[in-house]
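The values are calculated or read from the model by the stated rules, or taken from the named source; none is laboratory data. Remember, predicted model here, so these are calculated numbers, not experimental data. Here the Cβ positions follow ideal geometry from the backbone for every residue, glycine too, while neighbour counts run over all protein chains shown. Just the protein is used for accessible areas: all its heavy atoms, side chains included, with ligands, DNA and RNA removed. Shrake-Rupley method; radii C 1.70, N 1.55, O 1.52, S 1.80 Å.
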Amino acid sequence: MKKYLFNLLTVIALCCGLTVNAQEGNKLDWRKLHYLSEEEMHTPVRSINFVETDPPAGEPRFVAEFEPMQAVLIRYPLGIPYSVVRELAEDCTLITVVSSSYESQARSQYQSNGVNMDNCVFVNAPTDSYWVRDYGPWYIFEGREPAIVDNVYNRPRPNDDNVSSVFANYWNIPMYGMNLQHTGGNMMEDGRGHGVSDELVVQENGYNEVNVRNKMRDYLGIDPYHITIDPQGDYIAHVDCWGKYLAPDKILIAQLPQNNPQYALYEQVAEYFETTNCCWGYPYHVYRVQEPGGYTLAPYTNSLILNNKVFVPLGDIASYNQQALAVYQEAMPGYEIIGCENNDWSIGWENTDALHCRTRGVMDFDMLFVDHRDVVFGEQQWQDSIAITSKFIAYSGQNLKQDSLLIYYRIDGGEYQVAHMTATGNPDEYVGYIKGYVSLSEVDYYVFGADESGHRYQQPVFGELDPHHFTMEEHEGGSSGLLTFDVDEIVIDEEQQFAIFNATNENLAAVTVNDIVENNTSYLTIHTSVSTNPVSLPYTLQPGLSMKICAELATITKGFAETSISLFTSGGEQTVTVKISGELLGMDENKLENVNIYPNPMRNILVIENNEVKSVSIFNAIGQEVMFVENRNEINVESLENGLYFVRITDNKNNSVVRKVVKR
């Protein structure tokens, strides 16, 4: 069948006198076919210019297609219609590989077809075909720095095979030679070390699967490497002809009618991923896109994800097109899904060759990566709080915005709340806590970060439209420290003793409060007899504020003698009186002036500029006092772990001030 189809195409092309604007003149352009020409059939695949190198010395990370991209790469003469070129260049840099002799023609054609030339870059290099997905650069991060991994292109096309080195020179970044015969269309990765190819990669490398896996791990950081069957059973044997990563936990796989001879093989691949864990610890969510099978055009998995857009090549049947677009929209909420037609008879879409094959994204070298690996999912064992830990890696080299490292979460479908994350002391790692749930609560959450370069990112990338999700197990206590008794009033006295009283003045829970006020925001740390875990949360407080309060949490406003707040307990909503003693009210009037502390960030020594320092207390991010000194202006902080701290300085007149400082 393969030989018959190949010969049929050859005869048709010859009879039609097929010509293109090819660099070697007007002759049959075998470059537009993924098939090999007769000459190529007798040409060794391995390029004499390929140079194998040692693998990256730093830890490699192969960036996924759905991560931030700074540009998209195509080749001229084109393999895509101008309508798609125009769309790609709308709000992203479009890099076109073109020979110097054809650049002026490319520019003229782009301008006449309404392409945004402000977003166009032209890189001069000879090429043999327009399948830049297959031969284009494989971008990685080596530690914090961008690099390229080059492989042996599995077609005897030396100009194409040289494109990786062209872009290594263009970007002035390292290139590593991985001596594997491979192709971009048969590789998809999740950005967290998981990758997928079909069995062609083993066949083309001497059936040495161990060698293939070792090189993919060492050069690209891919482990585990899922090597599947080829369900198509066609000549091309590329993953992007039948499947696609949409997110680290989502895979799209084509589905054929049951009477199709390949139906069972497609179902076998789908079942494999439905029963295989993604990088976050649970089985992949497998989405299916219907294809009619046979020679009816339906190249839906051969799409391009480019930042917040998905470009989907359309087929022959409108109802199948609509269904395919709907599947993408369901799987990728918040993305703009764009259907792309291609009616150019000479470069039209094929089931085995469409938009993905002819484009390649260029990762954003300065992206912010939110790497929350320990995703909380399924039913969780009861505990008072759930710790969410994530790494934030700013590849730009700029500092993270410490106040913008956040957990957004909601409980039982309520409004989203925000928990701030603080440094754990491990490199790039931060932690925050989800609280306030009750027995059998359903919790949604996502992690967000920003850096000083202006880059922002979140995990999952869909945010509140499709967050991480877990369920709290049934718990006899019924709540996470939520008050289960009637409350009449909350009193703060001059000893900073915080007490909760019921209507009969019975003291129900005695707690100690460390109240730190900075910029009208109160950082309350409350140690209670109900919970052994002290908690520090920032609140911008106003009288009469309505909120949920746990037994280990409470909210007060300094600056008023008495007010009411709404308190939500297991018994329902109650109005509670908050009273603050006169002596506490006076504390805000005795702010310590003319105090400077440095350096910030601090390392080994913290210096306080003031001649009347009586005492210094240092609190960590969860409100625990970790250091107390008296009558000292230079404090040795070498023993403190890296992270965020609050420094309370008190003078001889008991005036005080609180400053925020970071230890690095």
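Report whether or not T359 is more than 14 Å from the chain's Cα centre (by Cα) and open to solvent by 10 Å² or more (accessible area, probe 1.4 Å). Judged against the criteria, T359 is not a match.
It is to be established whether one or more residues within the range 78-98 are within 30 Å of R144 (Cα to Cα), in contact with a Gly (Cβ under 8 Å, 6 or more places away or on another chain) and at pLDDT 95 or above.
No, because not a single residue in the range 78-98 is within 30 Å of R144 (Cα to Cα), in contact with a Gly (Cβ under 8 Å, 6 or more places away or on another chain) and at pLDDT 95 or above.
Which condition does D223 not pass, out of (1) open to solvent by 50 Å² or more (accessible area, probe 1.4 Å); (2) within 22 Å of E267 (Cβ to Cβ); (3) of a type in the set (D, E), if it passes all the others? The number of the failed condition is (2). Suppose we filter the range 366-378 for residues that are outside any strand (DSSP E or B) and among the β-branched types (V, I, T); how many remain? So the answer is 2. Within the range 258-290, being open to solvent by less than 60 Å² (accessible area, probe 1.4 Å) and farther than 29 Å from R192 by Cβ holds for N260, Q262, Y263. Of all residues assigned to the range 445-453, at least one qualifies as being farther than 18 Å from A394 by Cβ, open to solvent by less than 60 Å² (accessible area, probe 1.4 Å), out of contact with any Gly (no Cβ under 9 Å at 6 or more places or on another chain) and at pLDDT 90 or above.
On the given criteria, is R659 touching a strand residue (DSSP E or B) at 6+ places or on another chain (Cβ under 6 Å) and either in contact (Cβ under 8 Å) with a residue 12 or more places away in the chain or surrounded by fewer than 19 Cβ atoms within 10 Å (Cβ to Cβ) (or both)?
yes
When you look at A106, is it part of a loop (DSSP other than H, G, I, E, B), at pLDDT 95 or above and among the small types (G, A, S), yes or no? For A106, the condition - part of a loop (DSSP other than H, G, I, E, B), at pLDDT 95 or above and among the small types (G, A, S) - is not met. With the requirement that a residue be buried (at least 17 other Cβ atoms within 10 Å of the Cβ) and either touching a residue at least 40 places away in the same chain (Cβ under 8 Å) or of a type in the set (K, R) (or both), what does the range 292-308 give you? Correct list: L297, A298, P299, Y300, T301, N302, S303, L304, I305, L306, N307. Just one of (1) open to solvent by 50 Å² or more (accessible area, probe 1.4 Å); (2) under 21 Å from Y320 (Cβ atoms); (3) assigned to a helix (DSSP H, G or I) fails for D240. It is (1).
Among the conditions (1) assigned to a helix (DSSP H, G or I); (2) surrounded by fewer than 17 Cβ atoms within 10 Å (Cβ to Cβ), Y235 misses just one, which is (1). Applying the criterion of at least 1 residues that are of a type in the set (S, T, Y) and on the phi < 0 side of the Ramachandran plot to the strands (runs of 3 or more DSSP E) found wholly in the range 281-365 leaves 285-290. Just one of (1) buried (at least 21 other Cβ atoms within 10 Å of the Cβ); (2) within 19 Å of N172 (Cα to Cα); (3) among the acidic types (D, E) fails for D54. It is (1).
Residues satisfying the criterion are present in the range 245-255 (criterion: hydroxyl-bearing (S, T, Y), within 23 Å of R360 (Cβ to Cβ), under 19 Å from the mean Cα position of the chain (by Cα) and open to solvent by less than 20 Å² (accessible area, probe 1.4 Å)).
Pairs please, first residue from the range 93-119 and under 13 Å from R75 (Cα atoms), second anywhere and surrounded by fewer than 17 Cβ atoms within 10 Å (Cβ to Cβ) and polar (S, T, N, Q), Cβ atoms under 7 Å, 6+ apart in sequence or on different chains. Within 7 Å, the pairs are L94/N119; V98/N124; S99/Q23; S99/N124; S100/N124; E103/N124. Answer yes or no: is there a residue in the range 213-220 that is of a type outside the set (V, I, T) and either at pLDDT below 95 or touching a Lys or Arg at 6+ places or on another chain (Cβ under 9 Å) (or both). Yes: one or more hits. Taken across the range 319-336, residues that are surrounded by fewer than 18 Cβ atoms within 10 Å (Cβ to Cβ), in contact (Cβ under 8 Å) with a residue 60 or more places away in the chain and either farther than 30 Å from M421 by Cα or of a type outside the set (D, E) (or both) do occur, with at least one present. Only one of the numbered conditions (1) under 38 Å from the mean Cα position of the chain (by Cα); (2) farther than 21 Å from G432 by Cβ; (3) surrounded by fewer than 19 Cβ atoms within 10 Å (Cβ to Cβ) is violated by L606, and that is (3). Of all residues in the range 189-205, those that are in contact with a helix residue (DSSP H, G or I) (Cβ under 7 Å, 6 or more places away or on another chain) and surrounded by fewer than 22 Cβ atoms within 10 Å (Cβ to Cβ) total 3.
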